[in-house]
Amino acid sequence: MTHAAGIEVATLRADFPILNREGGRRLVYLDSAATSQKPWPVLGAMENYYRETNANVHRGVYELAAEATERFEAARDRVAAFVGTRREGLVFTKNATEALNLIAWAWGMRNLAPGDVVVTTEMEHHSNIVPWQIVAEMTGARVLFIPVDGDGQLDLQWLSVTLRTEPVRVVSVTHVSNVLGTINPVAEIARSAHSYGALVVVDGAQSVPHMPVSLAELGCDALVFTGHKMLGPTGIGVLAATPELLDGMEPFLGGGEMISDVSTDGSTWADLPWKFEAGTPPIAEAVGLGAAVDYLTMIGMAQVREHERDLTAYMMEALAEVDGLTILGPEDADLRGCPVSFAIPDVHPHDVAQLVDREGVCVRAGHHCAKPLMRTLGVTATTRASTHVYNGRDDVDALVAALQRARNFMAG
Amino acid sequence: MTHAAGIEVATLRADFPILNREGGRRLVYLDSAATSQKPWPVLGAMENYYRETNANVHRGVYELAAEATERFEAARDRVAAFVGTRREGLVFTKNATEALNLIAWAWGMRNLAPGDVVVTTEMEHHSNIVPWQIVAEMTGARVLFIPVDGDGQLDLQWLSVTLRTEPVRVVSVTHVSNVLGTINPVAEIARSAHSYGALVVVDGAQSVPHMPVSLAELGCDALVFTGHKMLGPTGIGVLAATPELLDGMEPFLGGGEMISDVSTDGSTWADLPWKFEAGTPPIAEAVGLGAAVDYLTMIGMAQVREHERDLTAYMMEALAEVDGLTILGPEDADLRGCPVSFAIPDVHPHDVAQLVDREGVCVRAGHHCAKPLMRTLGVTATTRASTHVYNGRDDVDALVAALQRARNFMAG
Amino acid sequence: MGLDDLYQQIILDHYRNPRHRGHLDDPGMSVDHQNPLCGDQVHLDVTIRDGRIVELAHAGDGCSISQASASMMSEAAHGKSIEDAHRAIDNVLALIHGEAPADEDLLGDAVALEGVAKYPARVRCALLGWMALRDALPAPSHAEKGAGVGQQ
Amino acid sequence: MGLDDLYQQIILDHYRNPRHRGHLDDPGMSVDHQNPLCGDQVHLDVTIRDGRIVELAHAGDGCSISQASASMMSEAAHGKSIEDAHRAIDNVLALIHGEAPADEDLLGDAVALEGVAKYPARVRCALLGWMALRDALPAPSHAEKGAGVGQQ
Ligand SMILES: Cc1ncc(COP(=O)(O)O)c(C=O)c1O
Ligand SMILES: Cc1ncc(COP(=O)(O)O)c(C=O)c1O
């Protein structure tokens, strides 16, 4: 399998069992922004872990436990390298949402004072809004939202005014919008937020699976992402953060693994990153995520980005053929990640998704966990198609043909 | 496979791939209190989920997503039934530790006032101590510990005095000690704690995998347990609680899935149990845990308990043959769960575990995440053997023979 | 097509030509219902006189299933006694969950909702209007409810 | 036996007959080290005069590997200059992580710790005494450290 000249979709697709199910139609899976499919090396790594070396990690003397620990920590090192950081700064959580809550609760509860401001954006996923709202309610802080303009871009002017005039303590922003596809200038945002002493958190749930992303290059304090969107399993997410941030933070969840000593008078904490991992970690899931990262690295993240950029451009052109269809977000595929949301006049997104499903095409319809953005856009739902390495132009063609038929069907 | 006349270990063992690894010695796995092994129906259910119906749950219109949602929620129903409760009271977490933190943070941060008392015990796992210490530190509450007597029993006299004289708001106690094996009288504790208006939380991490346990029969407000110790996967745990408790609680982690509506002004919450599940849940893991519960139910939890009680009695007798060996905790196997901790004079637990490992016997050595108990016992570590359905007398015999040789080896 | 049981002609007809669509000038009761999973909305105005639904109107935004169902609900409820309306709601619930056959006298066109049972993701869409109606009505009195059950 | 490289005779000998075990009456420096994962403890007393370790004693509680290693450390460190002691610590670290061969002149009996490299769960046990020593010593001066590296 060589990928020197870009991605060979047919070859890759063979690695994904669900795309090769026996019987029935071919699955045209265009909902990778919700969750991705898994290649056999990922499934195989987890199965092999359970069949060969399953044991609890970190405290066992016997060989099996030592092997389990080694596989778990080796996975951590590979995931850390994948986003340009090191073991100390790589905390496993259950998903991206927990990682955002970790920062909001552990940092926010101890650092936010009444009147302080947390800045997020109108295009955030609920997971980067609700934790801040909960913690703000308890601390008396306020949550303000960077507005989104008609082209699906953040109003950076608003941000500079707010940084100048308000006591902004945190700026937490998504790297790629899961609805509009917009790639936000997070490095630039981090620079200006830092110059006002604010903490910068980047939600990489939609970027890390699809393009090269480096914590160091973004210059943010924390980057979160989630395993199941990057060819890995459910049940695992990541908080990648600077050791300075983590060192200065008290722990969040308490329990086994994260302690140095526990007595009835109080406790002291383990070294980084374990200080933030309470209880038995998602061991098999970490092994699976390690395999996913290996798989993506074998393809090459620059190739992944290149492939998906081309496919997104192709998709946007092809969608424009559907009568009356409008695409939300930036027009230029260079400026966007994979999610492509669109609207078809007089056909509700639910009906779109249902009708194309009968042709084996999976797309998402709804608010995409971004209700504030839906309000800004003045809609209650959109239809969204999103790709990953296993998608090719044939998938886009199938989508467009199904959309045409859905449109005609509803028009009657 | 019939189990009418008790468990047929050889038949069950065939279901566990790791116990049938090719090449090398037979694995004598006696560390199930740390984590259990997994039978193929559990591994198969997860593999099948990923190969056939993987999609994100709850919001998809297309068939694949509807199937994934159905498998996920069906697993919830089966796990709920397994511990005598219903869907509304069954929250999936990442492990038992998160479930305890959920109560400590979400309930504790809003209900504990300076001077209030949280009662736990000297025999707790760190996961039932540290979350309370963290929340107590932030709220000004105090954590008090029910003492453990020389027979490994809780001092219930101390508890009644404390309930009478202190403003006790929570009593959080383990059902079965992971070190001593003691089965605590949690129903009785719940009755007296409730009569003083305290919340009662039971840590079932070591009981739910090994004996019939029912939330309703225990009469507690919350019961936590963890998938990986009950033949299920890593990455999933459970908070089972009365709908009254959950209804009265604000959410803990915020994000996708747990909302009813989100706006820039604030948010409202989803119905139970989803209000407490933020972000993409551990979907494949829930499917795996559902399969584990099916597997245990097929055997019958009364049979499991019977089998393990007999095996523990046999183990305690056999261990007594080892020169100088002393067993910690209750002497009567009727009064204990599976963990059996012991000490051999002049041989440190680490050396015990290492030396028996060379004969393929896996036991745990260390503080078992119970350092306060270690202090009470006046030791820094113990050696612990613990069983599950796949263990038989042959495993105990192998352990005892290996212990004899280890003892002789270290004596020189 | 396979989806024909979901998108039956009668459902599409109610979607394209909704009955009782709009607002009442001076409704006795108004309720708003939302499906939090997808954002579908129904606004329902109801006027009850002498234990009978004499006027009702629905408005809202959502997919064909939720809007057609609201239209069929309005048609079925119009003129019904409160007790019969509750019976119709119960019958739709049972029908959509695949637990009971449709009672055509009670439901009228809404018998077509039977097809939704196979599409769990759409059940909430189909129920939106009916749940709004239940909220807008006084609860059936105990005696009457007992009688209602007895009659079935 | 397979474990012979871990439980070598010389290690068992140091475990059964520890050298320099006890406490100094008036130590120049005392440190306590703990392995949080398993609870092993080492208490170390050290007296330094004219840049040289003239007396040291260890006490503690733990497995054969941690206690034997503390004994071998004490024997190796006794009489050494601060710089040489640091060199010995660096060599043990490298040895146990499988990154360098043992320097017998520096380590003495502690060369036997090489076998620990294959047992990652025991590495911390084996290092406990050595990490305590590092804490008890003044840091090597920059110039001296440079020289030390040059010499290797
Ligand atoms: C009694 C007890 N409580 C809680 C836990 C924590 O379980 P987990 O690590 O899966 O969160 C354990 C297991 O380590 C345990 O034995
Ligand atoms: C931008 C963004 N952030 C956060 C999340 C939450 O990820 P998870 O549900 O895995 O926690 C998602 C995915 O749903 C997302 O698209």
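The values are calculated or read from the model by the stated rules, or taken from the named source; none is laboratory data. A quick note: this is a predicted structure, and the numbers were derived from the prediction, not measured. Reconstructed Cβ throughout: ideal geometry from the backbone, glycine too, with neighbour counts over all protein chains shown.
Within the range B:61-115, being more than 27 Å from residue A:131 (Cα to Cα), within 14 Å of chain A (Cβ to nearest Cβ) and in contact (Cβ under 8 Å) with a residue 60 or more places away in the chain holds for B:71, B:75.
May I ask you to verify whether residue A:349 is more than 23 Å from residue A:410 (Cα to Cα) and crowded, with 24+ Cβ neighbours inside 10 Å? Considered against the rule, which asks whether it is more than 23 Å from residue A:410 (Cα to Cα) and crowded, with 24+ Cβ neighbours inside 10 Å, residue A:349 comes out as no. Residue B:178 fulfils the conditions (1) within 14 Å of chain A (Cβ to nearest Cβ); (2) more than 16 Å from ligand 1 (Cβ to nearest atom); (3) touching a Lys or Arg at 6+ places or on another chain (Cβ under 9 Å); (4) not small (Gly, Ala, Ser) except for a single criterion, (2). Sub-6 Å Cβ pairs linking a first residue in the range D:28-43 that is closer than 15 Å to residue D:68 by Cα and among the acidic types (Asp, Glu) to a second residue that is at pLDDT 85 or above and crowded, with 19+ Cβ neighbours inside 10 Å, at least 6 apart or interchain, are D:40/D:62; D:40/D:66; D:40/D:125; D:40/D:128, ordered by first then second residue.
Of the listed requirements (1) at pLDDT 90 or above; (2) surrounded by 15 or more Cβ atoms within 10 Å (Cβ to Cβ), residue D:105 misses just one: (2).
Using the structure shown, decide if residue B:244 is more than 30 Å from residue B:78 (Cβ to Cβ) and not in a loop (DSSP other than H, G, I, E, B). Spelling it out, it is not the case that residue B:244 is more than 30 Å from residue B:78 (Cβ to Cβ) and not in a loop (DSSP other than H, G, I, E, B).
Results for (1) within 12 Å of chain B (Cβ to nearest Cβ); (2) over 26 Å from residue A:401 (Cβ atoms), shown as yes or no for each residue.
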{"residue": "A:10", "(1), (2)": "no, no"}
{"residue": "A:30", "(1), (2)": "yes, no"}
{"residue": "A:50", "(1), (2)": "yes, yes"}
{"residue": "A:55", "(1), (2)": "yes, yes"}
{"residue": "A:59", "(1), (2)": "yes, yes"}
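The residue of the range A:225-238 that is farthest from ligand 2 (Cβ to nearest atom), among those that are facing another protein chain (nearest Cβ under 9 Å) and closer than 14 Å to residue A:76 by Cα, is A:236.
Matching residues to (1) surrounded by fewer than 16 Cβ atoms within 10 Å (Cβ to Cβ); (2) under 30 Å from residue B:267 (Cβ atoms):
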residue: A:372; (1), (2): no, yes
residue: A:381; (1), (2): no, yes
residue: A:384; (1), (2): no, yes
residue: A:387; (1), (2): no, no
residue: A:405; (1), (2): yes, no
residue: A:410; (1), (2): no, no
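For the range B:103-124, which positions are assigned to a loop (DSSP other than H, G, I, E, B) and buried (at least 24 other Cβ atoms within 10 Å of the Cβ)? Listed by number, the residues that qualify are B:123, B:124. Scanning the range B:188-199 for residues that are of a type outside the set (D, E, K, R) and either away from ligand 1 (no atom under 16 Å from the Cβ) or within 14 Å of chain A (Cβ to nearest Cβ) (or both) yields B:190, B:192, B:193, B:194, B:195, B:196, B:197, B:198, B:199. The sole residue among B:177, B:160 that is under 27 Å from residue B:226 (Cα atoms) and of a type outside the set (Lys, Arg) is B:177. Within the range B:219-236, can one find any residue that is polar (S, T, N, Q) and under 18 Å from residue A:255 (Cβ atoms)? So far as the range B:219-236 goes, yes, one or more of its residues are polar (S, T, N, Q) and under 18 Å from residue A:255 (Cβ atoms). Applying the condition of being in contact (Cβ under 8 Å) with a residue 12 or more places away in the chain, away from ligand 2 (no atom under 16 Å from the Cβ) and in contact with a Pro (Cβ under 8 Å, 6 or more places away or on another chain) to the range B:239-282 and asking which residue is nearest to the other protein chains (Cβ to nearest Cβ) yields B:269. In the set B:147, B:185, B:167, only one residue is under 30 Å from residue A:139 (Cβ atoms) and either away from ligand 1 (no atom under 14 Å from the Cβ) or within 13 Å of another protein chain (Cβ to nearest Cβ) (or both); that residue is B:167. Residues that are within 13 Å of residue B:280 (Cβ to Cβ) and either surrounded by fewer than 24 Cβ atoms within 10 Å (Cβ to Cβ) or more than 16 Å from ligand 1 (Cβ to nearest atom) (or both) were ranked within the range A:89-99; the one that is farthest from the chain's Cα centre (by Cα) is A:99. Look at residue A:135 and say whether it is within 13 Å of ligand 2 (Cβ to nearest atom), modelled with pLDDT of 95 or more and within 13 Å of chain B (Cβ to nearest Cβ). So residue A:135 fails the test.
Looking across the range A:175-224 at every residue that is near ligand 2 (Cβ under 10 Å from one of its atoms) and either more than 25 Å from residue A:327 (Cβ to Cβ) or hydrophobic (A, V, I, L, M, F, W, C) (or both), the one that is surrounded by the fewest Cβ atoms within 10 Å (Cβ to Cβ) is identified as A:176. Among the residues of the range B:229-241, just one is part of a loop (DSSP other than H, G, I, E, B) and under 11 Å from the mean Cα position of the chain (by Cα), namely B:230. Quick one: is residue A:286 away from ligand 1 (no atom under 16 Å from the Cβ) and either surrounded by fewer than 20 Cβ atoms within 10 Å (Cβ to Cβ) or not in a loop (DSSP other than H, G, I, E, B) (or both)? Considered against the rule, which asks whether it is away from ligand 1 (no atom under 16 Å from the Cβ) and either surrounded by fewer than 20 Cβ atoms within 10 Å (Cβ to Cβ) or not in a loop (DSSP other than H, G, I, E, B) (or both), residue A:286 comes out as no. Annotation: residue B:230 fulfils all but one of (1) closer than 22 Å to residue B:123 by Cα; (2) out of contact with any Pro (no Cβ under 8 Å at 6 or more places or on another chain); (3) not acidic (Asp, Glu); the unmet one is (2).
Listed by position, the helices (runs of 4 or more DSSP H) inside the range A:332-412 whose residues that are within 19 Å of the chain's Cα centre (by Cα) and within 12 Å of chain C (Cβ to nearest Cβ) number at least 3 form an empty set.
In this entry, residue A:234 is excluded by the filter for residues that are outside the structural domain of residue A:386 (by TED's automatic domain parsing), surrounded by fewer than 24 Cβ atoms within 10 Å (Cβ to Cβ) and within 27 Å of residue A:207 (Cβ to Cβ).
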